[in-house]
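Novice: This is the structure, below, for whatever I ask next.
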Amino acid sequence: MQTFIAIRSFVSQYPKTIAVVTVTGVGLFGVKKWMAGGVCHSKASLEGKTVLITGGNTGIGKETAVDLAKRGARVLLACRDMDRADKAAEEVRKRSGNENVIVKKLDLASFQSVRHLAKDVLASEERLDILINNAGIMRCPKWQTEDGFEMQFGVNHLGHFLLTNCLLDLLKKSPSSRIVTVSSLAHERGQISFDDINQEKDYCPAKSYAQSKLANVLFTRELTNKLQGTGVSTYSLHPGIIRTELARHFLATMPLWKRVVFTPLKFLIKSPTEGAQTTIYCAVEESLQNESGLYYSDCAPKTAAPQGLDDEAAKKLWDLSASMVGLIQSQ
């Protein structure tokens with residue numbers, strides 16, 4: 001009773017303060033819900049189907065794996081760090097109740113590793129229904145892949161380009177299979193520097209990242225053309241701004257004052273579960289079965305930036321990428 005009286009007294013003394021706090025709280029909650037974006041409502045079952053997810057041991061890759069495993073899929077986690085991958089696989093099994101979660105070694109910065117994984121999958125799997133090109137690196141220092149290419153372009157685009165092409169025959173054998181490539185809104189700031197694809201003249205982490213994400217969109221566009229009549233659909237997407245390890249290089253270079261300002265805003269950023277929704281949507285949504293080559297965000301089709309709709313650039317990038325990875329053009 002005394003507590004109730006004390007509360008009434010406080011409310012009567014500070015009505016404006018309470019009103020401001022209440023309105024602010026409701027407003028922040030509303031913004032948080034809006035920032036969370038779309039949700040995949042599909043109840044599609046993946047029983048009897050096989051999914052491969054690159055970078056499935058962390059962030060939205062792991063959340064995607066949990067969701068698809070809950071739907072009954074056989075899930076292959078293709079990861080660079082095997083210790084972390086094994087721990088993630090165990091977590092996915094526990095959270096999904098599905099024991100059919102397999103770990104595979106994959107370093108997208110090594111063409112040899114990509115080809116080895118593809119050979120392993122082709123030998124061990126009878127089908128591949130969904131390939132999710134999820135793994136990536138963002139705004140890293142000026143590094144090179146094992147094969148001598150700029151790291152962000154090499155991992156985010158070339159590694160997935162080679163992996164996808166190596167697995168195409170298996171994807172074509174599986175009815176209505178899908179290829180989902182995680183791009184970014186950063187593609188809107190991207191340009192493909194055909195005369196300096198490795199950014200050797202003037203390396204900028206943000207510029208290189210944007211180029212690699214634009215490459216994801218253009219890759220999906222040209223891949224759609226090459227897959228016409230095969231029954232394989234392909235999609236690219238922006239998952240949103242998410243609290244994951246992807247931003248570790250970017251945050252490490254941010255001035256302290258910016259990090260202090262940025263910290264409270266983390267409340268508004270998508271969680272990995274929220275960030276995985278568009279990937280899951282593109283992988284399972286039944287209404288997309290006859291759609292291919294589009295770009296998605298918040299579980300809905302969106303118009304990519306003009307440079308992402310350039311068919312000539314898409315074909316030119318495909319031919320250049322095929323040459324860089326040593327891919328036989330007939331594939």
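The values are calculated or read from the model by the stated rules, or taken from the named source; none is laboratory data. Because the structure is a prediction, the values reported are computed rather than measured. Please note: Cβ atoms are built from the backbone with ideal geometry, for glycine as well, and neighbour counts cover all protein chains shown. Surface accessibility is based on the protein's heavy atoms, side chains included, excluding ligands, DNA and RNA. Shrake-Rupley method; radii C 1.70, N 1.55, O 1.52, S 1.80 Å.
Novice: At 0.36 nm per residue, and after removing the present C-alpha to C-alpha distance, how many nm does the segment from S124 to E146 gain when stretched out fully?
Specialist: Details: separation 22, 0.36 × 22 = 7.92 nm, distance 2.63 nm.
Extra length from S124 to E146 when fully extended: 5.3 nm.
Novice: Could you check how much of the accessible area of the stretch 196-235 is carbon and sulfur, as a whole percent, using a 1.4 Å probe?
Specialist: Numbers: 610 of 1410 Å².
Carbon and sulfur atoms account for 43 percent of the accessible area of the stretch 196-235.
Novice: Largest first, how would E90, E125, E146 line up by accessible area (1.4 Å probe)?
Specialist: Numbers: E90 75, E125 15, E146 120 Å².
The ranking, largest first, comes out as E146, E90, E125.
Novice: Net charge near T181, counting Lys/Arg +1 and Asp/Glu -1 over other residues with Cβ under 11 Å of its Cβ?
Specialist: Numbers: positive: R178, K213, R221; negative: none.
Around T181, the charge tally is +3.
Novice: Summing Lys, Arg as +1 and Asp, Glu as -1, what charge do residues with Cβ under 10 Å from the Cβ of L317 carry, L317 excluded? Mind dumping the intermediate values first?
Specialist: Numbers: positive: R221, K315, K316; negative: E222, D310, E312, D319.
Taking every Cβ under 10 Å from that of L317, the sum is -1.
Novice: In nm, to one decimal, how far is the N225 label point from the A44 one, both placed 7 Å along Cα→Cβ?
Specialist: Inter-label distance under the simple model: 2.6 nm.
Novice: If you don't mind, there's one more thing I want to ask. Within the stretch 113-251, what percent of beta bridges assigned by DSSP are antiparallel, to the nearest 5?
Specialist: Values: 1 of 10 bridges.
Percentage antiparallel, nearest 5: 10.
Novice: Within the set of other residues whose C-beta is less than 14 Å from the C-beta of E222, count the net charge using Lys and Arg as +1 and Asp and Glu as -1.
Specialist: Values: positive: R221, K226, K315, K316; negative: D310, D311, E312, D319.
Neighbourhood net charge equals 0.
Novice: Taking amide hydrogens as modeled 1.01 Å from N in the peptide plane, which residues meet the under 5 Å criterion relative to R71, leaving out close sequence neighbours?
Specialist: It is none; the list stays empty.
Novice: Quick one: if you stick a label point 7 Å off each Cα along the C-beta vector at K173 and M82, how many nm between them?
Specialist: Roughly 2.5 nm, to one decimal.
Novice: I've got another one for you. For A300 and K201, compute 0.36 nm times the residue count separating them, minus their Cα-Cα distance, and round to one decimal in nm. Spell out each step's value before the answer.
Specialist: Numbers: separation 99, 0.36 × 99 = 35.64 nm, distance 3.80 nm.
Extra length from A300 to K201 when fully extended: 31.8 nm.
Novice: Can you tell me the accessible area per residue over the stretch 37-163, all protein chains present, probe 1.4 angstrom, in square angstrom?
Specialist: Details: 5130 Å² over 127 residues.
Ligands and nucleic acids excluded, the figure is 40 Å² per residue.
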